[in-house]
1. Please find, among E247, E242, the residue that is free of Cβ contacts under 8 Å to residues at least 12 places away in the same chain and either within 25 Å of L313 (Cα to Cα) or open to solvent by less than 40 Å² (accessible area, probe 1.4 Å) (or both).
2. Restricting to the stretch 153-209, give me the number of residues that are open to solvent by less than 30 Å² (accessible area, probe 1.4 Å) and within 30 Å of L295 (Cβ to Cβ).
3. Among the residues of the stretch 325-363, what is the count of those that are in a loop (DSSP other than H, G, I, E, B) and over 24 Å from S32 (Cα atoms)?
4. Of these, E59, E46, which one is in the same structural domain as S12 (by TED's automatic domain parsing) and within 16 Å of ligand 2 (Cβ to nearest atom)?
5. Could you say which residue among S12, S74, S32 is over 16 Å from W390 (Cβ atoms) and outside the structural domain of G375 (by TED's automatic domain parsing)?
6. What residue, of A91, A40, is open to solvent by 30 Å² or more (accessible area, probe 1.4 Å) and among the hydrophobic types (A, V, I, L, M, F, W, C)?
7. From (1) at pLDDT 95 or above; (2) more than 30 Å from R22 (Cα to Cα), pick out the condition that doesn't hold for L141.
8. For residues that are of a type outside the set (A, V, I, L, M) and more than 29 Å from H348 (Cβ to Cβ), scanning just the stretch 210-232, find the one that is least open to solvent (accessible area, probe 1.4 Å).
Amino acid sequence: MLSTLAIAHYRSLRELVLPLGRLTVITGANGSGKSSVYRAMRLLAEVAQGGVVRSLAREGGLPSTLWAGPEHISAAMRRGEAPVQGTVRSAPVSLRLGFGGADAEDFGYAIDIGLPPPVPPSPFSLDPEIKIESLWSGPLLRPSTLLVERRGAALRGRQDAGGWQSLGRPVPAWASMLTEFADPRSAPEMLTLREQLRSWRFYDHFRTDAEAPARQPQLGTRTPVLAADGADLAAAIATIREIGDGEALDAAVEDAFPGARVEVQALADGRLRTGMHQHGLLRALSAAELSDGTLRYLLWVAALLSPRPPALLVLNEPETSLHPDLLPALGRLIVRAARDTQLIVVSHANRLIAALDDAADEGALQRIELKKDFGETRIANLDMDSIPRWQWPAR
Ligand SMILES: Nc1ncnc2c1ncn2[C@@H]1O[C@H](COP(=O)(O)OP(=O)(O)O)[C@@H](O)[C@H]1O
Ligand SMILES: [Mg+2]
């Protein structure tokens with residue numbers, strides 16, 4: 001489990017350290033930085049897929065993703081006595097992402113991304129470079145918890161006997177040590193962490209329009225993880241029935257639509273179709289016939305009751321296009337899913353947050369409210385004592 005998420009110099013997140021619980025909900029007004037937190041977590045997950053530099057390029061490169069405000073916001077700037085613009089950058093460009101583990105068996109990780117040195121000139125002078133990566137045990141990076149460190153191209157790991165050992169060949173500037181290095185004997189923690197990061201799952205705005213993939217019948221293979229676009233909904237539901245918690249599935253449907261039941265129909269050509277029996281209807285309606293909200297709710301059921309829960313599940317605004325009456329049931333479903341996986345919900349729906357609050361045990365929901373302060377995203381609802389300590393690797 002993760003205890004902390006830390007982001008620096010990414011969009012409006014100049015320096016943000018968030019405490020994470022088993023179930024965390026991140027809220028805030030429009031423009032407060034919720035989507036930026038979500039995207040920063042996606043970038044972290046991309047590290048383990050080998051795609052972080054390319055993803056940054058897709059977002060417009062470092063110049064557009066970097067914090068666009070001053071390095072330091074002085075008291076005079078806050079009082080309006082000094083202009084916000086006009087400070088000259090003194091520190092090197094450095095976009096940093098990281099997380100801390102909840103206890104000593106959980107790993108922490110941080111990555112520091114910058115630009116190549118100006119000389120020699122190169123066609124890739126604006127191509128982001130990975131400068132530092134650190135892997136440690138537990139919540140906080142310290143000399144005593146550090147296990148593996150990459151500085152530039154050099155990689156070293158702590159030896160069991162104490163002391164440090166250089167690991168393998170040089171790591172290219174655009175690649176993460178997590179994808180470049182794969183020797184289970186000299187640094188098994190790298191493989192463990194990579195697999196954990198690869199299991200992270202993100203769900204963001206399922207399509208439910210008439211042509212949505214989730215409405216079409218699909219060839220059925222066993223599907224323990226619903227695809228990000230929900231195309232394999234029928235197979236995912238059938239898989240939950242076969243190897244997962246079918247009772248929880250029925251209960252979640254009953255909770256939202258009393259008297260209704262979901263079934264998976266096998267068509268003559270082998271494709272699977274989702275159907276739903278509803279109170280008062282003589283036949284089941286197929287996914288193509290369900291309302292947007294009903295289909296969307298079924299997609300959340302299939303995503304959240306996955307028989308292979310990931311290390312971390314992140315939901316971006318799951319309330320989108322759901323009828324407000326469905327939010328209490330969705331809240332209960334999310335709380336149920338947090339029994340098996342660590343969950344982060346980004347939301348601006350007060351009714352969903354209230355539903356999560358109602359469904360979760362007292363004190364089990366970590367609530368973070370973001371606000372914008374001088375262009376910078378900050379935490380609005382927690383005092384300093386509730387913010388975990390955090391240490392970035394020094395350049
Ligand atoms: N490079 C940047 N530096 C500073 N602020 C930025 C940068 N890029 C975008 N922003 C600002 O970040 C804010 C947060 O946006 P977003 O994460 O989409 O908020 P939300 O999802 O909470 O509505 C926006 O108001 C935008 O103006
Ligand atoms: Mg947003």
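The values are calculated or read from the model by the stated rules, or taken from the named source; none is laboratory data. It should be emphasised that the depicted structure is a prediction, and the values quoted were computed from it without experimental measurement. A quick note on method: Cβ atoms are made from the backbone with ideal geometry, for glycine too, and the neighbour counts reach across all protein chains shown. Heads up: the accessible areas ignore ligands, DNA and RNA and are worked out on the full protein's heavy atoms, side chains in. Shrake-Rupley method; radii C 1.70, N 1.55, O 1.52, S 1.80 Å.
1. E247
2. Count: 5.
3. Qualifying residue count, the stretch 325-363: 8.
4. Answer to the selection: E59.
5. Step by step, each of S12, S74, S32 is checked, and only S32 is over 16 Å from W390 (Cβ atoms) and outside the structural domain of G375 (by TED's automatic domain parsing).
6. Sole residue among the options that is open to solvent by 30 Å² or more (accessible area, probe 1.4 Å) and among the hydrophobic types (A, V, I, L, M, F, W, C): A91.
7. (2)
8. For the stretch 210-232, the residue satisfying everything is T223.
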